[in-house]
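Single-structure report; data block below.
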Amino acid sequence: MVSVIVPVYNAQNYLEDAINSILGQTECDLELILVDDGSTDDSLKICNAAAKKDNRVVILTTPHAGVSAARNAGIDISKGEFITFVDADDMLNPRFLEILLTDCNATDEISMAYQSQVPAEAMQTPSADSCKKITLSGIKAAEESLYQKVILNSPWGKIYSRGLFFNPDLRFRRGIRFEDLEIATPLLCRASKVTIFQMPLYFYRDTPGGFMNSDSDSRTDCLTVTADTVKWASMNEPSLIPAAISRQVSAALHIFRWVNTRRPDLKSIAADCYRTIVSHRRKLLFNPNVRLKNKVALAASYLGAPALSFFSRLS
């Protein structure tokens, strides 16, 4: 059985689509755990209506505590051999579970698919045999993720063997943004293998009111999370240190640009970012895995912070 965990907070506009796409999976052996995180709209009514129609739906209501707490609560009550996460404004291809389960059979494996922003009805519904796939070790997958290559940090779009979250327990950190980026590296490193189906089977919406389209101060949490990832790699998997530093500097470049284009009141944070960039730029420029656009920005940083600021406005 697969436990499908959906954190729900004021998602009434899209929630029914998400629920229908999950309950309409060709793989029927599932439980749908809807964790209502203190919604103030009609989200809970939609959850209750779904539970009346389908006994596979489990509803958990909690005071509002954020997406990390909601996901953790869902993990804690889940019963499936496998766990997957779906955001309340997203949808699954009808064969998402069926296809990913063909290569996720042990207690420490992850299977994932590509994601797409195209309309759900335009997505193909392939057979497992027609899906090209690649298989990586967990550590190699973590490296790819840190270098921002094939594997996204998002918890959705993947199926996890249940044991990856237990022995010892691994949970999303509460009270911080980019919690998915933080948990991704240790979670991937726990996996004996990660299979990637090279076809979009997960449909996400980039909603205008979403966090990544905001100018919230908490966007700077990525600096804390990436610095902590470097520390984690140093203590647990030293081979990932170069990749973790690359991700830390990528976050610093992103926030440096954001401050200079959108939040000039946070100049002290931009200065901290610049110091991080300068301290690592030489070794990253000669690292073949670092993204080209980051290398161009690192090269510009040798002309000073004003030059990097000017460059960041153009990029």
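The values are calculated or read from the model by the stated rules, or taken from the named source; none is laboratory data. This one's a predicted model, so the numbers in the text were calculated from it and none came from an experiment. Virtual Cβ from ideal backbone geometry, glycine too; neighbours counted across all protein chains shown. For accessibility, only protein heavy atoms count, side chains too; no ligands or nucleic acids. Shrake-Rupley method; radii C 1.70, N 1.55, O 1.52, S 1.80 Å.
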State whether one or more residues within the range 39-61 are under 20 Å from ARG173 (Cα atoms) and either open to solvent by 10 Å² or more (accessible area, probe 1.4 Å) or in a strand (DSSP E or B) (or both).
-> yes
The correct count of residues that are under 21 Å from PHE203 (Cα atoms) and either open to solvent by less than 60 Å² (accessible area, probe 1.4 Å) or touching a His at 6+ places or on another chain (Cβ under 9 Å) (or both) in the range 15-38 is 15
Open to solvent by less than 60 Å² (accessible area, probe 1.4 Å) and either touching a residue at least 40 places away in the same chain (Cβ under 8 Å) or outside any strand (DSSP E or B) (or both), is that true of GLN12?
-> no
Would you point out the residue of the range 170-192, among those that are surrounded by fewer than 22 Cβ atoms within 10 Å (Cβ to Cβ) and among the small types (Gly, Ala, Ser), that is farthest from the chain's Cα centre (by Cα)?
-> SER192
Give ILE151, ILE139, ILE99 a once-over and let me know the one that is at pLDDT 90 or above and either open to solvent by less than 60 Å² (accessible area, probe 1.4 Å) or in a loop (DSSP other than H, G, I, E, B) (or both).
-> ILE99
Which of the residues belonging to the range 269-293 are touching a residue at least 12 places away in the same chain (Cβ under 8 Å) and among the hydroxyl-bearing types (Ser, Thr, Tyr)?
-> TYR274, THR276
In this structure, does ASP90 turn out to be under 22 Å from ARG205 (Cα atoms) and open to solvent by 40 Å² or more (accessible area, probe 1.4 Å)?
-> no
What pairs come up if the first residue lies in the range 98-118 and is closer than 16 Å to SER137 by Cβ, the second is aromatic (Phe, Trp, Tyr), and their beta carbons are under 6 Å apart, counting only those six or more places apart or on different chains?
-> ILE110/TYR160
Going by the structure shown, is ARG262 modelled with pLDDT of 95 or more and of a type in the set (Lys, Arg)?
-> no
Is there a residue in the range 217-230 that is small (Gly, Ala, Ser) and closer than 27 Å to TYR14 by Cα?
-> yes
Within the range 61-104, can you find the residues that are within 21 Å of the chain's Cα centre (by Cα) and among the hydroxyl-bearing types (Ser, Thr, Tyr)?
-> SER68, SER78, THR84
Condition check for LEU303: more than 23 Å from GLU179 (Cα to Cα), modelled with pLDDT under 90 and open to solvent by 40 Å² or more (accessible area, probe 1.4 Å) | no
Might you let me know whether the range 110-123 holds any residue that is of a type in the set (Asp, Glu) and either more than 20 Å from the chain's Cα centre (by Cα) or not in a helix (DSSP H, G or I) (or both)?
-> yes
Could you list, in sequence order, the residues of the range 251-283 that are among the hydrophobic types (A, V, I, L, M, F, W, C) and surrounded by fewer than 20 Cβ atoms within 10 Å (Cβ to Cβ)?
-> TRP258, LEU266, ILE269, ALA271, VAL278
Of all residues in the range 154-169 being assigned to a loop (DSSP other than H, G, I, E, B) and closer than 18 Å to LEU100 by Cβ, which is most open to solvent (accessible area, probe 1.4 Å)?
-> TRP156
From the list THR107, THR195, which one is over 16 Å from the mean Cα position of the chain (by Cα), β-branched (Val, Ile, Thr) and either part of a strand (DSSP E or B) or modelled with pLDDT of 95 or more (or both)?
-> THR195
Return the total of residues in the range 65-83 being in a loop (DSSP other than H, G, I, E, B) and open to solvent by less than 30 Å² (accessible area, probe 1.4 Å).
-> 3
Considering only the range 234-250, state which residues are of a type outside the set (D, E, K, R) and either surrounded by 20 or more Cβ atoms within 10 Å (Cβ to Cβ) or in contact (Cβ under 8 Å) with a residue 24 or more places away in the chain (or both).
-> ASN236, SER239, LEU240, PRO242, ALA243, ALA244, ILE245, SER246, GLN248, VAL249, SER250
